[in-house]
Each structure stands twice: as structure tokens, then as C-alpha cells.
Amino acid sequence: MMMYTDTSKGHNFAKDPAVVRFGGTYLMYYSILTFLQDGKNKLGIGIARSTDLENWERVGEIEEEGELEAAGIGAPGALVYQGKVHLFYQTYGRFEKDAICHAWSEDGIHFIRNLSNPIVRAQGNWNNGRAIDADVCVFHQELFLYFATRDPEGKIQMQGVSKCPLDGRFERDSWVQCCEESILRPELEWEQECIEAAAAIAKGGKIYLFYGGAYNNCPQQIGVAVSEDGIHFRRLQDEPFMRNGEEGSWNASESGHPYVFEDEDGRIYLFFQGNNDNGKSWYLSRVEIGFEDGIPYIMK
């Protein structure tokens, strides 16, 4: 089983995966963490490469740029479009001011920022303005961007969605928020107070949305919902699609923050994060998933 972590900052830490096939190899973007001398920490984005989706080698990281990113960046979503890798990532450490930014790259390693950053913030009095954990999906010839936000009190984490034309620029003025309330908020007992980290795939004229339910290590587990229009979702089951592991297993504290990746051969993989020490370390793994009669399942 794939098990990847990043040790470049002196500890085992890799969260929030996003995977693309680009230039004949696979690239994975993920959150890394640096501990600062003042006792605080800074989130960043690491990059790993693989030829087989199983063995990964760290090949670099994305350095923060400007005042907007000074406190940190992380939780990327990724898209290959018009021969470039596009990243949609969040600022970090600003809480209700955190927002989604965009950058693009011709080699998958060195990125150029969108001059209109941040491109997406949550709008409306049903949220606190925060937008994090971006994922994007091409649907009906538009780009849908799913993000997590919080209620006005900053307690409940939930999902919103915006969309823009497929023009390759993805600038701030192109985005239109598609919802006047949360498209998915915690309702089931296992989801507790949080739905975040949407992972979207278009299949059969629908969007399937895998998501992390409950805050980290509570435990977070993965659910799944479906939509015919990319905006109005219904859960496919009341129980988690993927649970945290049993006591003693590597993911006993959680199986969370999913990312769904469809390879060129049509095989589909669900990447996710986990740990067994309540967040002292973080690892990334994956499972292959299939669909039967429109219902996803984990392949053995």
C-alpha cells in the first residue's frame, strides 16, 4: 500500500493531497508544515513525483510570495488544462480572511501567480467569508470550484461552490458564486461540526463529491454525495464511505481530506491523509475506487 510522508522540515508531515498526470509522470501537491522559532507554524506546499502512483519522491516546494501568502499557503487542488498545471490553493493563518488563490506552471514545479489573487472568497451572510480547501472540476464546459467555509460564528465548517468560464485565466472577476447557502453542511452524527475538503469528479453527467466529515482526528472520515447540476447535492449513504482505521492501524486517528484522481486509462483513485497519533505525524495513501450503477465503491 502506498504510504508517503515528507521529512524535509524535520518531522513526518504530508496532508491535503492533489494528484495530476503531467509530462509522462505523476505529480502530487500536498501541505507541509514548518515550526517557527516563536512557537507558531507555517503551512506550505510540497511537490512529489512518481512513475507508478506507488513510489513517490519529493522534488521541491512552492515558496510563498508577497504579503498575501506571508503567513503560509496550503491545501491545493490541481488541474491540467491547455498544457499547464493549474493550482488552486488557500492562504493560511488569516482565519476568516483566508481565501483561494490560483497559480499556473509549464513544468509542474515552478509556478506563476494569478495577478488577481485571491480569486475566490465566500460571499453572503450565511458564512464568515473564509474559503479554504479548494478543488476544481470541469463540468458542462465550465470550471466548478468547491471550497470550505464556516458559519458566521466560525464554528461549523461547510461547503460552498463558485464557477467560471474555461478560459485558462481563472481571474477573480470571472468567478460567480453559485449558492446562497451551504451546498453541504454537517447533519449526520459522524460528521459532527465539519464538512470540508471536497474532492470532485464528473462521471455519467453528474458530479460526485467526496468529502471529509468531522474536524481532524475527531476522527475525520470520508463521505460521498452526488449532484446533477454541480450545486445541489444529496448524500449517497448515511455512513462514511471510508472510515478511520481500527486501533493500532496507521490511520486509527483519521482517514480524511480526500482527493479523487482519474488516470488516462480510466482507473480512479481516492487519495487521502491519515495518522495514528492524533496529528503528531501525517501520511498520504490511496485506494482504487469503482462505480456500479452510479454508486462508488472501494475496490479490493
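Residue by residue, here is whether (1) in contact with a strand residue (DSSP E or B) (Cβ under 7 Å, 6 or more places away or on another chain); (2) on the phi < 0 side of the Ramachandran plot holds:
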position	(1), (2)
110	no, yes
113	yes, yes
124	no, no
145	yes, yes
171	no, yes
177	yes, yes
180	no, yes
Some residue of the range 230-242 being free of Cβ contacts under 8 Å to residues at least 24 places away in the same chain, open to solvent by 20 Å² or more (accessible area, probe 1.4 Å) and not in a loop (DSSP other than H, G, I, E, B): yes
Any pair with Cβ under 9 angstrom, 6 or more apart, that starts in the range 1-24 at a residue that is farther than 18 Å from residue 216 by Cα and among the small types (Gly, Ala, Ser) and ends at one that is at pLDDT 95 or above and open to solvent by 60 Å² or more (accessible area, probe 1.4 Å): 8/58; 23/107; 24/51
Residues satisfying the stated conditions in the range 77-92, i.e. within 24 Å of residue 272 (Cβ to Cβ) and part of a loop (DSSP other than H, G, I, E, B): 92
Close pairs (6 angstrom Cβ cut-off, 6 or more residues apart or separate chains): within 14 Å of residue 140 (Cβ to Cβ) and open to solvent by less than 70 Å² (accessible area, probe 1.4 Å) in the range 160-183, among the charged types (D, E, K, R) and not in a loop (DSSP other than H, G, I, E, B) anywhere: 163/142; 178/163
Single residue of the range 122-157 satisfying the filter (in contact with an Asp or Glu (Cβ under 7 Å, 6 or more places away or on another chain) and part of a strand (DSSP E or B)) that is surrounded by the fewest Cβ atoms within 10 Å (Cβ to Cβ): 132
Any chance residue 229 is farther than 29 Å from residue 282 by Cα and among the acidic types (Asp, Glu): yes
Count - residues of the range 186-206 that are open to solvent by less than 20 Å² (accessible area, probe 1.4 Å) and in a strand (DSSP E or B): 8
Residues (more than 19 Å from residue 68 (Cβ to Cβ) and free of Cβ contacts under 8 Å to residues at least 12 places away in the same chain) located in the range 27-49: 37, 38, 39
Residue selected from the range 102-121 under the condition more than 14 Å from residue 178 (Cα to Cα) and outside any loop (DSSP other than H, G, I, E, B), by the criterion most open to solvent (accessible area, probe 1.4 Å): 112
Filter result (touching a strand residue (DSSP E or B) at 6+ places or on another chain (Cβ under 6 Å) and of a type in the set (D, E, K, R)) within the range 21-42: 42
Residue within the range 165-180 that is among the β-branched types (Val, Ile, Thr) and within 14 Å of the chain's Cα centre (by Cα) present: no
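The values are calculated or read from the model by the stated rules, or taken from the named source; none is laboratory data. Every value quoted in this text rests on a predicted model; they were computed, and no experiment measured them. Note: ideal-geometry Cβ built from the backbone for every residue, glycine included; neighbour counts use all protein chains shown. Accessible surface is based on the protein model in full, side chains and every heavy atom, while ligands, DNA and RNA are left aside. Shrake-Rupley method; radii C 1.70, N 1.55, O 1.52, S 1.80 Å.
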